[in-house]
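What follows is one structure encoded as structure tokens, with my remarks underneath.
Quick note: the coordinates plus some simple rules give every number you see, no bench work behind them. Since we're looking at a predicted model, the values are computed, not measured. Methodologically, a virtual Cβ is constructed for each residue, glycine included, from the backbone with ideal geometry; neighbour enumeration extends over all protein chains shown.
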Amino acid sequence: MELIHPMTTMSAGSTSNPPNIHQPILRLDNISVRFQQTPALNNVSFALQRGERVAVIGPNGAGKSTLFNIISGLISPTQGQVEMCGRAPNKQVGIAYVPQRSRVDWQFPVTVNDVVMMGRVGRLGLFRWPKQKDRHIVEEALALVNMTDLAKRQIGELSGGQQQRVFIARALAQEAELMLMDEPLTGLDLKSQEGIFAILDKLRQRQVTIMVATHDLNVAAERFDRLLLLNQQVIGFGRAKEVFTTSMLSRTYQGSLNLIETPNGAMVMSSN
Amino acid sequence: MADIITWLTEPLGYAFMVRGLTAAVIVGVVCSVLGTYIVLRGMAFLGDALAHAILPGVAMGYLWGGGSQFWVSMGALVAGIFTTFAVGTISKSGLKEDTAIGVMFAGMFALGIAMISSVRSYTVDLTHFLFGNVLGVSNSDLWLIGIFGGLVLLTILVFYKEFMVISFDPLLATTMRLPTTFLHYLLLLLIAVTIVLSLQAVGIALMSAMLVTPAATAYLLTRRLPIMMVISATIGASSGVLGLYLSFYMNIASGPAIVLVCTAAFVLVFLFSPSQGLVWRLVSNNS
């Protein structure tokens, strides 16, 4: 029983320009955003490979949320281009946004199953009700995050880790190839965090690319393939060894971070 | 026993009561089902404002159609749609939406009152517009209410999953490339149509009670959207019926009677709801 892979559901009609799996799944080219003259992002360029797990790191106000909003199409950049698989993002290319838990109305009268089924609404289109296939995909997604038993619960009755897993399941139901997660670990105990990473490991096997905004530099260094240091512009993008240098971190945090030099490299004391 | 049956059946001997009860049930159901979205999305102020803002349309329709309910409804609908788009346009300037609503609501309502006050023959009917007169519903009015009410419910059914997504998580709607602006305005249009069809039953001033109170009561009783809609509709419809009986026997104006029954249901549930009732919470805190 395999979750239907996004690639297999791509519309067969688009033969003129088929998605190329060797192309970066996501590419930002010289993106700048200004909110009423105030720059939020400045000449941001980078590319992600399929199946990669990337942490986005930067202080509050560094433009992490803006970056996610640009990628998910919520706001348009003032300048520059976003490409997915070499094309402008469209409905067929699944981008899923896993919101910060504090942004969700947990009292809303929906069950776990309802929330995950919402991930199907985009693919279903107007005037169509969920069919057997959609229910099947929802069941698979719930099983993958170990939430099958709680499918009938109202979402406010769940623990923080369970709530986060529901939204990962919803992203799966969207058949997302790229998953954007905003501070998914905030407020979770270590055990719940481990549960989330176990799920993210499973997603890696499915070639789902994951971008996570986080404040936790240690977790970022240990658990992610590459790190994107962001403070309105890209300060550094690479493995922890390459980018966790005193100069890059101090440029990223500009004084809101205490660095201690040790024989093994820079130690970080975040004041966030 | 026979007394109770007489008490129940006597009003049904009057054709105006049967029409009034039918109208009250339809209005109760439509307002309460749509009301679940209004409560969940925090649009209570918009609902109240939109109800007031249709007054100039009501007055124009009344003048144009020589008092016919059809033209009153059409005028109200046009004013409602105009207000909706005006609020949307003003909000784009950077002002918060509730500020835009506040500006439009007062301005339109004042325009309506000004128009009505300038024509003396209006004065009697103004109270009907403000507080409703469900017992004055004619057969043709009933058709109008039924058709519009059916259309509103049908639209809610057809766009059920989309309305759920834009209410729960607008961001998800955007990332899934749903037509969010269209859906938002469709919901506002449904509110405008519902207000127009409820005009005779509860009137402008009490409209927000029908749009908000049954759904708010249902929210205290369940955490499932479809069940919330069913409970809300049941409360709305039964408040309509009970309110009209109270109106019949106690000689209270029909609109306020319906709204008072709704409010009483809310207060009862607020105090005694099994999961969240204030009384149970106080009792369990003290023990």
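Remark: relative contact order (the range A:90-248) = 26 percent; criterion is Cα-Cα distance under 8 angstrom and separation of 6 or more residues.
What does the convex hull of the Cα atoms of the range B:195-259 come to per residue, in Å³, rounded to a whole number?
That works out to 77 Å³ per residue.
Pair-distance distribution P(r) for chain B, from all Cα-Cα distances in 5 Å bins starting at 0: 1, 6, 12, 16, 17, 16, 13, 9, 5, 3, 1, 0, 0, 0 percent.
Remark: the Cα gyration tensor places the protein assembly as shown in the prolate category, a/c being 1.5 or greater and a/b exceeding b/c.
Report the residue, chosen from B:192, B:215, B:86, that carries the largest GNM mean-square fluctuation when chain B is represented by alpha-carbon nodes joined by springs under 10 Å. Fluctuation is largest for B:86. In this calculation the C-beta distance from residue B:119 to residue B:181 is compared with R0 = 45 Å, giving a FRET efficiency of 0.70.
Relative contact order of the range B:140-287: 18 percent, from C-alpha pairs under 8 Å at least 6 residues apart in sequence. How big is the shadow of the Cα convex hull of the range B:148-221, averaged over all directions, in nm²? Averaging across all directions leaves 5.7 nm² for the Cα convex hull.
Across peptide B:36-42, the average count of Cβ atoms from other chains found within 10 Å of a residue's Cβ is 1. Within chain B, the selection of entire DSSP H helices by a Cα span of 30 Å or greater along the long axis and an average Kyte-Doolittle value of at least -0.5 returns B:15-40, B:69-91, B:97-118, B:180-202, B:225-250. So if R0 is 45 Å, what FRET efficiency would residue B:270 and residue A:148 give, r being the distance between their Cβ atoms, rounded to the nearest 0.05? Working from the Cβ atoms, E equals 0.80. If the chain linking residue B:70 and residue B:9 were pulled fully straight, counting 0.36 nm for each residue of separation and taking away their Cα-Cα distance, it would gain 18.9 nm. Label-to-label distance for residue A:197 and residue A:103 is 2.5 nm, based on points extended 7 Å past Cα in the beta-carbon direction.
Enter the mean number of other protein chain beta carbons within 10 Å of the beta carbon of each residue in A:102-111, as an integer.
Counting Cβ atoms of other protein chains within 10 Å of each residue's Cβ and averaging gives 5.
For residue A:226, neighbours were defined as the other residues whose beta-carbon sits under 15 Å from its Cβ, and their charges (Lys and Arg +1, Asp and Glu -1) total +3.
The average projected area of the range A:62-124, computed from the convex hull of its Cα atoms over all directions, is 5.9 nm².
Shielding by partners for peptide B:161-173, expressed as the average number of C-beta atoms from other protein chains within 10 Å of each residue's C-beta, is 6.
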